[in-house]
Amino acid sequence: MKINDNTLIMDIETATQTGLPDANKDTLKLFACYSYKLNKILFLTKLEDIQRIIDAHHYIVGFNCLGTHQQPGYDIPLLKRIGIKFDYKIIIDLRNIFKERASQMKVEAGMLGDIIMSYSLDEISKIIGVVNKETGKMELDYKILNKDTWTPEEVKLIKDYTGRDIEVTRKMYEWVESYFWPFREFLNEEDGRKKVYLTSTFAKSVYKIICKQMNWKEEYGEKNADEGEERIKGGYVSYPAGERFDGDIYVMDFASLYPHIMIMANLHSRKKEDNLRPTWNGGGKWKVQGEYYSDKMGGVAQLLQRWYRDRLGYKTAKDRREYTLKIAMNAMYGMTDDPYYKLIYDKTAAADCTGLGRQFIKYARKRFREDGYKVLYTDTDSIYLQDPFKDGKKMNDVKEKIIDEIKATMPFPQDTFNLALETEAKYMFFFRGGNEKEIDEDMDEDDVVNKMLGLIKKNYIFVTNDNKVVIKNLGLRKKSNSALSKEIFWNHLVPKIKEGQIKFSRKYILDLIYELLQKDISLACMRKEVGTLDHYEKSEGSLPAQIARKYGAGICFLVPNTKGLGVGKGKSYCPLDEFKANKCSYKDVDISNVLNELEYFIKAPITVDIFSFESSVPKGDDSSSKEKGPEQSPFGFLRSG
């Protein structure tokens with residue numbers, strides 16, 4: 001991969017009138033850029049020089065330079081306001097790319113969307129590994145930018161700071177280009193030149209790829225044309241069969257379930273006019289709405305079939321094109337249900353895709369039950385079993401029979417269709433809080449009984465045989481959670497969960513909070529992300545509106561407090577520096593959110609009002625002993641449910 005010489009990395013420094021960035025009011029003080037054509041960093045102040053360097057490049061790359069409708073960017077709106085033109089330029093906003101694609105971007109520490117706390121230049125560059133503490137973003141007192149003149153020392157300081165930002169942005173851009181470069185191979189030459197693999201959504205990029213592969217002229221429908229229509233029913237999710245299971249637990253997964261259904265049922269070749277061609281309408285086994293040609297596999301099904309086989313080869317070879325094809329195939333269902341992608345859209349086929357998926361997984365549940373296995377849980381394409389026979393070969397034989405029975409009913413069965421063993425687990429835990437009044441038309445015979453247990457769907461934990469803790473939802477990965485609850489869960493509870501303990505005394509949790517906040521008060525900070533104030537015209541008194549009004553749009557980290565500092569009604573939030581400036585201590589932290597975030601793991605449910613540190617007690621270290629009557633805590637008022 002080679003970066004095009006016509007690429008310019010840019011950044012600006014400005015003087016702000018209010019202390020908060022405002023592209024409509026701020027004053028440009030310095031324009032900095034790196035030109036691949038010149039292979040050097042330039043620092044410019046004259047508008048004609050800035051326009052000249054922009055005119056000399058085709059691709060303009062920045063960080064939060066363009067923004068989105070909800071949260072406008074900064075650099076380019078400000079530059080346009082003062083007369084700089086970006087006509088016919090392809091603008092790449094790195095922050096937009098990371099923010100919109102984080103859930104599908106894998107880095108060394110895991111999926112980016114799960115671990116990133118802030119979409120700042122500093123945070124992203126460190127997480128993706130292009131910088132370290134020494135080479136990352138530098139610090140600068142922004143008040144210096146509001147001065148009318150600078151000393152030579154100040155000029156050097158500003159240039160060093162801005163130059164480092166340019167260098168970090170350049171490294172991030174090269175990382176992004178490398179990460180998504182395989183998409184370019186599948187696009188036509190013009191779309192590759194326009195870098196749609198960076199400037200468009202994944203779905204639109206995939207649609208363009210399909211149109212190229214099918215030799216179709218791209219056609220698009222109206223966006224949100226089906227707004228107001230009844231949504232297609234999604235995957236089947238069962239009720240958990242119990243609160244806790246120990247040993248001989250197996251997790252199985254239908255590999256690429258929806259792409260395989262599209263291929264095997266030929267869903268993109270639905271009969272839409274009268275003719276004598278043979279069709280498939282469920283094969284007497286499954287319920288479907290449409291009729292699909294069964295004499296010849298359609299072009300889209302053939303494309304998906306080829307992609308899947310190519311992907312397996314790329315995966316074996318550790319070729320990054322495997323990732324490209326995985327995204328492409330996973331995007332197919334969404335496009336089938338979206339009228340904007342006119343040539344793929346077919347609401348009947350989309351409904352049959354999810355419908356067949358629900359029927360396949362329920363059939364597998366039924367067959368495993370008939371053969372004596374305990375079915376613990378099911379979610380869309382995954383099934384969790386407990387093996388009472390402790391016989392891997394027997395279980396595999398049953399699984400193969402199920403797959404063969406399903407394939408026998410399909411017009412275009414695929415050898416790659418499989419119910420694969422994903423992992424083996426030693427513990428599996430579910431949690432209370434389910435809604436017994438929930439209406440569910442897809443319940444099977446186990447669900448009728450299990451629903452009464454009051455356990456939550458889609459929220460569970462299991463521990464694999466190699467001691468990995470796998471967490472599904474439970475709110476533990478929410479970016480809005482405090483660092484404190486994350487510290488307690490990952491570093492104090494998880495080691496015990498690996499040993500089979502899932503519930504902890506209130507005293508143990510409260511003592512941990514007490515100890516950790518005294519060591520590091522910043523753990524109390526909660527992440528709040530808000531748009532610009534104009535987005536809250538109809539809710540001016542809401543917390544997001546209050547934050548935007550006082551602290552500006554974007555991401556900020558605020559301490560929930562009992563002193564009424566900052567913003568909020570009933571519950572107050574302020575930045576850490578404001579908290580400290582008012583000589584507050586850990587006793588002034590409102591910890592109700594921490595207790596709510598850890599609620600599932602506390603033995604006795606806690607009803608929380610506002611918690612404050614009004615008294616102190618000796619620390620306890622018993623995390624599992626039976627409770628002996630009312631407990632005291634360093635958090636003052638406590639009411640248990």
Residues (aliphatic (A, V, I, L, M) and part of a loop (DSSP other than H, G, I, E, B)) located in the stretch 137-157: M138, L140
Subset tally (residues that are out of contact with any strand residue (DSSP E or B) (no Cβ under 9 Å at 6 or more places or on another chain) and in a helix (DSSP H, G or I)) for the stretch 100-120: 4
Filter result for V398 (open to solvent by less than 20 Å² (accessible area, probe 1.4 Å), more than 32 Å from the chain's Cα centre (by Cα), modelled with pLDDT of 95 or more and among the aliphatic types (A, V, I, L, M)): yes
Do we find a residue being in contact with a Phe, Trp or Tyr (Cβ under 7 Å, 6 or more places away or on another chain), of a type in the set (V, I, T) and within 30 Å of F360 (Cβ to Cβ) anywhere in the stretch 198-207? no
Within the stretch 467-493, which residues are open to solvent by less than 10 Å² (accessible area, probe 1.4 Å) and part of a helix (DSSP H, G or I)? L484, S485, I488, F489, L493
Please work out if I54 is among the aliphatic types (A, V, I, L, M), farther than 20 Å from I555 by Cα, at pLDDT 95 or above and touching a helix residue (DSSP H, G or I) at 6+ places or on another chain (Cβ under 8 Å). no
Taking K318, is it touching an Asp or Glu at 6+ places or on another chain (Cβ under 9 Å) and surrounded by fewer than 20 Cβ atoms within 10 Å (Cβ to Cβ)? no
Name the single residue that is least open to solvent (accessible area, probe 1.4 Å) among those in the stretch 1-16 being of a type in the set (D, E, K, R) and farther than 30 Å from R321 by Cα. E13
Subset of the stretch 333-358, residues under 19 Å from T409 (Cβ atoms) and either of a type in the set (A, V, I, L, M, F, W, C) or surrounded by fewer than 18 Cβ atoms within 10 Å (Cβ to Cβ) (or both), comes to A349, A351, C353, L356
Taking only the stretch 17-57 into account, find how many residues are part of a loop (DSSP other than H, G, I, E, B) and surrounded by 16 or more Cβ atoms within 10 Å (Cβ to Cβ). 6
What number of residues in the stretch 188-213 are among the hydrophobic types (A, V, I, L, M, F, W, C), more than 21 Å from the chain's Cα centre (by Cα) and closer than 21 Å to I60 by Cα? 1
Among the residues of the stretch 159-194, the number that are of a type in the set (S, T, N, Q), within 30 Å of L145 (Cβ to Cβ) and either open to solvent by 50 Å² or more (accessible area, probe 1.4 Å) or outside any helix (DSSP H, G or I) (or both) is 0
Can you name every residue in the stretch 62-90 that is within 24 Å of the chain's Cα centre (by Cα), in a strand (DSSP E or B) and crowded, with 18+ Cβ neighbours inside 10 Å? G62, G67
Within the stretch 376-399, the residues that are under 17 Å from E445 (Cα atoms) and not acidic (D, E) are L376, Y377, T378, I383, Y384, L385
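The values are calculated or read from the model by the stated rules, or taken from the named source; none is laboratory data. Since the structure is predicted, the reported quantities are computational estimates derived from the model, not experimental observations. Quick reminder, even Gly has a Cβ in these numbers, built from the backbone with ideal geometry, and neighbours come from all protein chains shown. Surface areas here come from the heavy atoms of the whole protein model, side chains and all, with no ligands, DNA or RNA. Shrake-Rupley method; radii C 1.70, N 1.55, O 1.52, S 1.80 Å.
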